[in-house]
Amino acid sequence: MATQKGKKTVLKFDSEEDVANALAKYTADLSDKFIKDKGSFTVVLSGGTLIDTMRKLAEQPYKDSVDWSKWWIFWVDERVVPLDHDDSNYKLASDGFLSKVPIPSSNIYAINDKESPEGAATDYEGRVKQLVEGKVLPLSAVSGFPKFDLMLLGMGPDGHVASLFPTRSQRHEKERLVTFITDSPKPPPPRITFTFPVINSASEIAMVITGAELANMVDVVLGSGLTADGIPLPATEVSAEEELTWFLDEDAASKLQTSE
């Protein structure tokens with residue numbers, strides 16, 4: 001099915017602290033909206049600095065005002081390591097804001113860390129399909145893929161998102177919900193990841209980018225979208241069905257043209 005590109009908004013803030021505050025309000029407002037509309041809020045997390053930038057959600061006024069019992073948590077990608085390993089995105093989030101808010105443990109979908117990368121991807125896809133069958137996750141009327149309410153994404157200095165890298169074939173997967181990679185150019189090599197059809201079926205997507213080390217890539221992605229070799233960057237392929245919102249601090253936005 002054809003995909004539908006929604007609105008794109010680029011927000012610039014003076015500091016990472018301002019990004020964290022804005023991200024908390026944005027997420028809490030969406031939580032309220034989706035829970036009122038359909039009784040639940042499905043959120044897909046990335047790893048890296050994004051988890052720390054979500055810290056304000058575990059503070060007031062959001063800690064007590066958000067209906068955490070209606071949240072469902074997933075990971076857009078995960079390193080295939082034990083869940084208590086320092087490289088685990090699950091551990092990063094569990095040690096961070098997830099440890100401070102009362103989301104039911106049954107609603108937090110970590111990977112099966114006892115499986116191989118291929119087995120973990122198959123298992124995760126199967127569990128998502130069960131939630132579709134159970135009416136927790138709807139299917140997108142546009143793409144036919146599961147439709148999450150919010151994807152929270154970061155971006156690597158090479159323009160990758162999730163574990164979809166510029167020079168790896170997984171970025172081109174169009175049939176699977178979840179795929180795997182055993183030779184990630186960023187360690188650790190074995191990972192699983194949602195595919196672009198799932199990512200782009202989300203109602204809302206937040207691209208949260210902070211730090212001067214990503215300024216050049218932000219400028220490229222929001223500009224030409226091509227590497228020096230003319231390869232389209234994965235981050236340029238991200239598009240939400242409703243709205244894609246970029247959250248940039250001053251450092252990350254420092255190379256953008258003033259018209260951007």
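The values are calculated or read from the model by the stated rules, or taken from the named source; none is laboratory data. The shown structure was predicted, so the numbers you read here are calculated from the model rather than taken from an experiment. A quick note on method: Cβ atoms are made from the backbone with ideal geometry, for glycine too, and the neighbour counts reach across all protein chains shown. We work out accessible area using only protein heavy atoms, side chains counted, and drop any ligands, DNA or RNA first. Shrake-Rupley method; radii C 1.70, N 1.55, O 1.52, S 1.80 Å.
To the nearest 20 debye, what charge dipole does region 146-239 have about its Cα centre, counting +1 at the Cβ of each Lys and Arg and -1 at the Cβ of each Asp and Glu?
That gives a dipole near 260 debye.
Please state the charge dipole magnitude for region 1-141, taken about the Cα centre, from unit charges on C-beta atoms (+1 on K and R, -1 on D and E), reported in debye and rounded to the nearest 20.
Dipole magnitude for region 1-141 comes out near 740 debye.
Is there a pair in LYS12/LYS56; LYS8/LYS63; LYS100/LYS186; LYS8/LYS147; LYS38/LYS129 whose C-alpha atoms are over 23 Å apart, and which pairs would that be?
Check vs 23 Å cut-off fails for LYS8/LYS63; LYS100/LYS186.
Which order do LYS147, LYS33 take when ranked by solvent-accessible area (1.4 Å probe, heavy atoms of all protein chains), largest first?
Greatest to least solvent exposure: LYS33, LYS147.
Dipole size in debye (nearest 20) for the chain around its Cα centre, Lys and Arg Cβ +1, Asp and Glu Cβ -1?
760
Can you tell me the FRET efficiency between ALA212 and THR182 if r is taken as the Cβ-Cβ distance and R0 is 35 Å, rounded to the nearest 0.05?
0.65
Report the Stokes-Einstein translational diffusion coefficient (µm² s⁻¹, integer) for the chain, Rh taken as the Kirkwood radius over Cα pairs, at 10 °C with viscosity 1.306 mPa s.
Value of D from the Cα-based Kirkwood radius: 86 µm²/s.
Give the long-range amide H neighbours of PHE13: residues separated by 5 or more places, or on another chain, with amide H under 5 Å away, using H modelled in the peptide plane at 1.01 Å from N.
LEU248, ASP249, GLU250
Quick one: what does P(r) look like for region 108-260 with 5 Å bins over all Cα pairs, in whole %?
2, 9, 17, 20, 20, 15, 10, 5, 2, 0
If you count the DSSP beta bridges with both ends in the chain, what percent of them are antiparallel, to the nearest 5?
30
In the chain, with Lys and Arg counted as +1 and Asp and Glu as -1 at Cβ, which of these residues, ASN21, ILE181, TRP71, has the Cα nearest the positive end of the dipole, that is, farthest along it?
Of the listed residues, the answer is TRP71.
With every protein chain left in place, what is the accessible area of SER143 in Å² (1.4 Å probe, nearest 10)?
20
Hey, can you find the accessible area per residue of region 49-171 for me, probe 1.4 Å, expressed in square angstrom?
I get 42 Å² per residue for region 49-171.
Need one number: nm distance between label points at LYS7 and LYS25, each 7 Å from Cα along Cα→Cβ, rounded to one decimal.
With each label point 7 Å from Cα toward Cβ, the separation is 1.6 nm.
I'm a student and want to see the number: the projected area of the Cα convex hull of region 1-155, averaged over all directions, in nm².
Averaged projected hull area, Cα only: 10.0 nm².
Given 0.36 nm per residue, what is the gain on full extension from ASP123 to ASP229 after removing their alpha carbon distance, in nm?
So the chain would gain 34.5 nm between ASP123 and ASP229.
Carbon and sulfur atoms: what percent of the 1.4 Å accessible area of the chain do they account for?
Here carbon and sulfur together make up 50 percent of the probe-accessible area.
Averaging sequence separations of C-alpha pairs under 8 Å and six or more residues apart, then dividing by the length of the chain, give the relative contact order as a whole percent.
Relative CO of the chain lands at 25 percent.
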